[in-house]
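For reference, the structure discussed in these notes is given below.
The values are calculated or read from the model by the stated rules, or taken from the named source; none is laboratory data. None of these values were measured; they are calculated from a predicted model. In this analysis, Cβ positions are derived from the backbone assuming ideal geometry, glycine residues included, and neighbour counts consider all displayed protein chains.
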Amino acid sequence: MTSLSYPDLGDPEIALRAWRTEDAEVQLAGLNDPLFLRYSDAAAVSRDQVVRRIAAVDRLREAGTAVYLAIVAAADRDEVLGEASLSGIDPTQRRASVGYWLVPAARGRGAATRAVRLLAGWAFGELALARLELTCGPDNLGSQQVARRAGFQQEGLLRSHLAFKGGRRDSLIFGLLPSDLAGPATS
């Protein structure tokens with residue numbers, strides 16, 4: 001796979017950009033947020049781990065397997081609202097997985113939906129992907145709402161899908177095709 005360039009994506013409300021070392025504090029707060037930790041199998045992280053993560057996600061982009069982008073305010077690209085990502089990019093099968101999280105102050109304003117739609121448009125256009133997938137726990141209603149508002153269709157329940165907090169977790173699976181993205185986002 002070839003290296004991916006950072007896309008220049010934005011709308012009147014938000015933009016997506018590369019993570020910077022200067023963003024470590026806000027990423028630290030986001031990844032240690034109780035709501036994030038509730039729905040993630042990740043453990044709380046240190047600032048050093050976040051700095052290493054910023055470098056690691058850039059290496060994934062260079063390898064062409066993933067792109068992790070900071071969601072920022074369009075008016076102030078230093079104001080980080082969260083993250084949107086494509087991971088597991090498979091150019092042979094032409095699919096990838098979508099992920100996202102927001103800092104508490106950015107929730108409920110449509111930033112995640114906007115970011116996912118921008119990233120999906122880029123994935124379908126620039127990367128020529130044919131399908132995006134998203135999974136979340138059945139109890140993660142916020143993530144489900146973002147998925148639906150971004151145009152994803154719920155396709156089913158994956159029973160005992162993931163190792164999760166010492167046990168197993170079911171996951172809802174959502175899919176997005178280029179034709180699903182054609183309609184407007186719902187609020």
So Ser143, is it in contact with a Gly (Cβ under 9 Å, 6 or more places away or on another chain), outside any strand (DSSP E or B) and within 21 Å of Leu102 (Cβ to Cβ): yes
Name the residue, out of Leu129, Leu81, Leu134, that is touching a residue at least 40 places away in the same chain (Cβ under 8 Å), in a loop (DSSP other than H, G, I, E, B), closer than 26 Å to Pro12 by Cβ and in contact with a helix residue (DSSP H, G or I) (Cβ under 9 Å, 6 or more places away or on another chain). Leu129
Can you run down the residue pairs with Cβ atoms below 6 Å, 6 or more apart or on separate chains, where the first is in region 142-161 and on the phi < 0 side of the Ramachandran plot and surrounded by fewer than 20 Cβ atoms within 10 Å (Cβ to Cβ) and the partner is outside any strand (DSSP E or B) and not basic (Lys, Arg)? Arg149/Thr113; Arg149/Ala185; Arg149/Thr186
Return the residue satisfying two criteria in turn: it lies in region 74-92 and is small (Gly, Ala, Ser) and crowded, with 17+ Cβ neighbours inside 10 Å, and of such residues it is nearest to Arg114 (Cα to Cα). Ala84
Which condition from (1) aliphatic (A, V, I, L, M); (2) out of contact with any Asp or Glu (no Cβ under 9 Å at 6 or more places or on another chain); (3) loosely packed, with under 15 Cβ neighbours inside 10 Å is the one that Leu177 breaks? (3)
Note on region 95-118: residues surrounded by 15 or more Cβ atoms within 10 Å (Cβ to Cβ) and over 15 Å from Val146 (Cβ atoms) are Arg95, Ala96
Unique residue being modelled with pLDDT of 95 or more, among the charged types (D, E, K, R) and more than 14 Å from the chain's Cα centre (by Cα) when the list is Asp90, Asp78: Asp90
Top-ranked residue in region 7-31 [being in a loop (DSSP other than H, G, I, E, B) and at pLDDT 95 or above; ranked as farthest from Leu141 (Cα to Cα)]: Arg20
